[in-house]
Amino acid sequence: MSKEEIKEFLRDRPGYLKEGAERLSERLNCSVNTCKDALAEARLEAKESFQNGSSNENVITEFEKFLDLNGIHSNNVTSVKFWQTSKGDPRFSVVTKEGISVDELKNEIKEFAASYSPVVPSMSTPMLNNPIAYEISLPDIHYGKLHDYDLAEIEQQYVYVVKDLVEKAKGLEIEKFILPIGNDGMNSEGMRKTTTKGTPQDESAGWKETFRGYWKLMVKAIDYLKVIAPVDVIVVSGNHDYERMYYAGDVLSGWFRNDENVTVNNNNEPRKYYSYGNSMLMFTHGDNEKPAEMPLIMATEEPQMFAASKFREVHCGHFHKEMVNEYRGVKVRFIPSICPNDEWHKKMGYQASRTGQAYIWSKTRGLEGYLQSNVTESKQLR
């Protein structure tokens with residue numbers, strides 16, 4: 001195929017202008033060097049045509065629609081990349097002042113979610129005499145934080161604690177798992193390397209690696225649990241990862257969308273509610289609300305669930321240690337973390353046991369206790 005023939009192909013299919021020469025070579029079965037030359041000339045022609053042609057007004061209109069759809073103010077835009085699909089439809093990649101490319105991030109999330117979504121047959125439900133819901137709550141793992149462990153070791157520790165808590169629950173008739181995730185599941189908002197409010201964070205890996213690594217770790221845990229009983233996943237955003245946990249929740253929703261054994265609650269509300277039997281649970285990170293006001297928040301936001309329940313608890317993360325208090329008959333529980341200390345926490349003298357907990361919920365008797373798994377330096381993780 002000659003260079004002119006390749007250029008003609010590119011004029012008809014402008015979406016290929018953003019492809020590399022190797023990809024184009026495979027598509028057209030011609031030499032890479034010829035494709036390089038054709039691409040360079042075709043891109044230059046397309047750029048000149050765009051700058052001088054009458055399509056600018058239409059593109060600007062489409063760009064304004066894109067900004068409006070994604071809730072981006074034009075004053076926050078620092079750079080824009082424009083291209084066209086093979087059908088000639090305009091596409092934009094926008095980088096804001098916060099450094100986040102909204103379009104690229106959304107496309108990557110969609111690609112993650114669509115990459116694997118099998119149809120999974122539902123499990124047969126055995127007859128249980130004393131069914132319980134088993135809540136495995138491991139907040140604040142801060143995946144990606146810089147400390148004495150690499151990501152592989154942190155993943156190994158997380159999976160160990162999940163399996164250990166399940167092993168310790170043998171003999172219980174688990175009807176379903178409640179799996180709150182997030183609560184500072186990731187250590188930062190990603191490319192900014194800061195918390196949601198802007199506090200700088202030391203990261204052990206790049207933002208793409210930590211995002212992908214975190215949701216794949218959650219998939220691994222969910223896949224392990226769902227073989228035993230259905231899993232209800234509750235996505236809780238933290239003060240380190242408020243945005244990225246929402247994105248991760250959408251990935252998991254797409255991943256398990258055809259799996260009847262898994263549900264994912266990633267709604268837009270900052271607090272998530274869950275009902276089991278005559279028990280009511282509120283999940284929140286715990287960095288914003290005052291603990292003493294949480295019972296009123298529960299009753300105001302979910303009045304019907306509140307009225308129908310006899311036992312009520314709020315489960316929070318944030319402090320990396322266990323704290324329990326009771327207000328107006330509602331227990332507010334801050335749950336410990338398995339996250340290791342980083343250099344800053346060591347310097348400040350902060351120390352807390354690395355502990356994972358799982359809570360046993362009866363349909364009629366409320367919380368009947370919890371089981372615990374401690375992470376120690378000498379423990380051989382399986």
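The values are calculated or read from the model by the stated rules, or taken from the named source; none is laboratory data. Model, not experiment: these values are computed from the prediction. When we count neighbours, we look across all protein chains shown, and the Cβ atoms used for this are built from the backbone with ideal geometry, even at glycine.
Has region 282-296 got at least one residue that is more than 12 Å from VAL314 (Cα to Cα), over 23 Å from the mean Cα position of the chain (by Cα), assigned by TED's automatic domain parsing to the domain that holds THR196 and assigned to a loop (DSSP other than H, G, I, E, B)? Lay out the reasoning, then the answer.
Pass one, region 282-296, residues more than 12 Å from VAL314 (Cα to Cα): 287-288.
Imposing the further condition that a residue be over 23 Å from the mean Cα position of the chain (by Cα) reduces the set to none.
The answer is no, given that none of the residues of region 282-296 is more than 12 Å from VAL314 (Cα to Cα), over 23 Å from the mean Cα position of the chain (by Cα), assigned by TED's automatic domain parsing to the domain that holds THR196 and assigned to a loop (DSSP other than H, G, I, E, B).
List pairs: first in region 242-258 and among the charged types (D, E, K, R), second surrounded by fewer than 24 Cβ atoms within 10 Å (Cβ to Cβ) and assigned to a helix (DSSP H, G or I), Cβ under 8 Å, 6+ apart or cross-chain?
Matching pairs, first to second residue: ASP250/ILE109; ASP250/ALA113; ARG257/ALA113.
Has region 126-135 got any residue that is crowded, with 24+ Cβ neighbours inside 10 Å and out of contact with any helix residue (DSSP H, G or I) (no Cβ under 6 Å at 6 or more places or on another chain)? If you could, list the steps in order and put the result at the bottom.
Narrowing region 126-135 to residues crowded, with 24+ Cβ neighbours inside 10 Å: 134-135.
Narrowing the set further to residues that are out of contact with any helix residue (DSSP H, G or I) (no Cβ under 6 Å at 6 or more places or on another chain) leaves 134-135.
Yes, region 126-135 contains at least one residue that is crowded, with 24+ Cβ neighbours inside 10 Å and out of contact with any helix residue (DSSP H, G or I) (no Cβ under 6 Å at 6 or more places or on another chain).
Specify the residue that is surrounded by the most Cβ atoms within 10 Å (Cβ to Cβ); the eligible residues are those in region 202-245 that are at pLDDT 95 or above, more than 14 Å from the chain's Cα centre (by Cα) and of a type in the set (Asp, Glu).
ASP232
Does region 192-207 contain at least one residue that is touching a residue at least 60 places away in the same chain (Cβ under 8 Å), in a loop (DSSP other than H, G, I, E, B), within 27 Å of ARG271 (Cβ to Cβ) and assigned by TED's automatic domain parsing to the domain that holds ASP287?
Yes.
Can you find even one residue in region 300-318 that is touching a Phe, Trp or Tyr at 6+ places or on another chain (Cβ under 8 Å) and of a type in the set (Phe, Trp, Tyr)?
no
Return yes or no: is MET294 more than 13 Å from ILE178 (Cα to Cα), in contact with a Cys (Cβ under 9 Å, 6 or more places away or on another chain) and not charged (D, E, K, R)? If you could, list the steps in order and put the result at the bottom.
On the way: more than 13 Å from ILE178 (Cα to Cα): yes; in contact with a Cys (Cβ under 9 Å, 6 or more places away or on another chain): yes; not charged (D, E, K, R): yes.
In short, yes.
Within the bounds of region 289-311, is there any residue that is surrounded by fewer than 20 Cβ atoms within 10 Å (Cβ to Cβ), within 17 Å of GLY238 (Cα to Cα) and at pLDDT below 95?
So far as region 289-311 goes, no, none of its residues is surrounded by fewer than 20 Cβ atoms within 10 Å (Cβ to Cβ), within 17 Å of GLY238 (Cα to Cα) and at pLDDT below 95.
Mind listing just one residue for me: the one in region 100-153 that is over 22 Å from LEU179 (Cα atoms) and among the aliphatic types (A, V, I, L, M) and, of those, modelled with the highest pLDDT?
Among those residues, the one meeting the criterion is LEU146.
I'm checking my understanding of the structure. Among residues of region 330-356 that are among the polar types (S, T, N, Q) and at pLDDT 95 or above, which one is nearest to the chain's Cα centre (by Cα)? Break it down stepwise before answering.
Quick first cut of region 330-356, residues among the polar types (S, T, N, Q) only: 337, 341, 351, 353, 355.
If we keep only those that are at pLDDT 95 or above too, we end up with 337, 355.
Values: SER337: 18, THR355: 22 Å.
For region 330-356, the residue satisfying everything is SER337.
Exactly one of these conditions fails for GLU269: (1) charged (D, E, K, R); (2) exposed (fewer than 13 other Cβ atoms within 10 Å of the Cβ); (3) more than 25 Å from the chain's Cα centre (by Cα). Give me its number.
(3)
Residues are listed down the side, and each one gets a yes or a no for (1) basic (Lys, Arg); (2) closer than 26 Å to ASN187 by Cβ:
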residue: MET280; (1), (2): no, no
residue: PHE311; (1), (2): no, no
residue: VAL314; (1), (2): no, yes
residue: GLU326; (1), (2): no, no
residue: ALA358; (1), (2): no, yes
residue: ARG365; (1), (2): yes, no
residue: LEU371; (1), (2): no, no
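Any residue at all in region 263-271 that is assigned to a strand (DSSP E or B), of a type outside the set (A, V, I, L, M) and under 30 Å from ASN130 (Cα atoms)?
Narrowing region 263-271 to residues assigned to a strand (DSSP E or B): 263-265.
Among the residues that remain, those that are also of a type outside the set (A, V, I, L, M) are: 263, 265.
Next, from what is left, pick out any that are under 30 Å from ASN130 (Cα atoms): 263, 265.
The answer is yes, given that some residue of region 263-271 is assigned to a strand (DSSP E or B), of a type outside the set (A, V, I, L, M) and under 30 Å from ASN130 (Cα atoms).
Here is a list of conditions, (1) modelled with pLDDT under 95; (2) aromatic (Phe, Trp, Tyr); (3) in contact with a helix residue (DSSP H, G or I) (Cβ under 7 Å, 6 or more places away or on another chain), and TYR327 meets all of them except one; can you say which number that is?
(1)
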